[in-house]
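No lab work stands behind these numbers, since they all come straight from the coordinates. All values reported here derive from a predicted model rather than from experimental measurement. Positions of Cβ are backbone-derived with ideal geometry, glycine not excepted, and every protein chain shown enters the neighbour counts.
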Amino acid sequence: MRLKLLWVGKTQESWVRTGIEEYAGRIRRYLPLEILEAREEKGAQAAAMRERECERLAKLIPKGGRLVLLDERGEAMTSPELASFLSKNRDQGTQDLVFAIGGAYGFTDQFRSQAFKSISLSRMTLTHQMVRVFLLEQIYRGFTIINCEPYHHE
Ligand SMILES: C[S@@+](CC[C@H](N)C(=O)[O-])C[C@H]1O[C@@H](n2cnc3c(N)ncnc32)[C@H](O)[C@@H]1O
């Protein structure tokens, strides 16, 4: 299985980039991980920005990729539940597990309808930049749980 993380726009803050590099490096000990950035839309109405950004995200999904959205209205999961989702996908032979984080205005309904699953990290709205680090840390935590490594404590 390969992991792909899709998001909108460059990572602005250096301290967020440091977190991304740290956890992406840790995840790559377990499986290939690719991070793909869709161009951020600027200067349009919110609905048009959302629409264009989602079109760009959709183009980055590999054929047959299983799309998982990060969405505050998604399913709340524990870290062991995320670990189990990752291991099930690996064992079922999912080739590309694709996590997508929306831009500042989120996802269109059309893009949402393509998703296999939507995951919420919290009921609060988080910045689309910081979600990158939180998601990567949870995926890393998931692999330490799968491999019974001493990182996650119940
Ligand atoms: C600023 S939020 C977008 C808010 C937008 N109003 C909406 O309703 O989706 C930008 C992106 O960050 C991610 N995000 C923000 N908070 C989240 C949360 N609590 N759980 C999961 N993803 C979240 C989602 O991918 C979202 O599309």
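In this structure, the amide hydrogen of ASP71, modeled 1.01 Å from its nitrogen in the peptide plane, lies closer than 5 angstrom to those of ILE119, SER120, LEU121, counting only residues at least 5 positions away or on a different chain. Positive end of the dipole of the range 32-73 (Cβ unit charges, origin at the Cα centre): among GLY43, LEU70, CYS54, the Cα lying farthest that way belongs to CYS54. With the simple spin-label model, which puts each label point 7 Å out from Cα in the Cβ direction, the GLN45 to VAL16 separation comes to 2.7 nm. Based on every Cα atom in the chain, Rg and the maximum pairwise Cα distance Dmax equal 15.0, 48 Å.
Phi-derived couplings, Karplus 6.51 cos²θ - 1.76 cosθ + 1.60 at θ = phi - 60°, listed residue by residue for the range 101-114: 10, x, x, 4, 10, x, 10, 7, 5, 5, 5, 4, 5, 7 Hz, with x used for Gly and Pro. For the residues ALA100, ALA115, ALA46, a GNM of the chain with alpha-carbon springs under 10 Å puts the largest fluctuation on ALA46. Under the convention that each Lys and Arg Cβ holds +1 and each Asp and Glu Cβ holds -1, the size of the dipole of the range 1-62 around its Cα centre is about 220 debye. Give the Rg/Rh ratio for the range 56-101, taking Rg as the radius of gyration of the Cα atoms and Rh as the Kirkwood radius, to two decimals. Dividing the radius of gyration by the Kirkwood radius yields 0.99. Each Lys and Arg adds +1 at its Cβ and each Asp and Glu adds -1 at its Cβ; summed about the Cα centre, the chain shows a dipole of about 360 debye.
In the chain, helical runs assigned H by DSSP with n ≥ 4 each contribute -39500 (n - 2.57); averaged across all residues and rounded to the nearest 500, the mean residue ellipticity at 222 nm is -12500 deg cm²/dmol. Around the amide H of ILE35, modelled in the peptide plane, lie the amide H atoms of LEU5, all under 5 Å away and 5 or more residues distant in sequence or on another chain. When only alpha carbons are used to place a centre, the range 61-98 and the range 6-48 end up 17 Å from one another.
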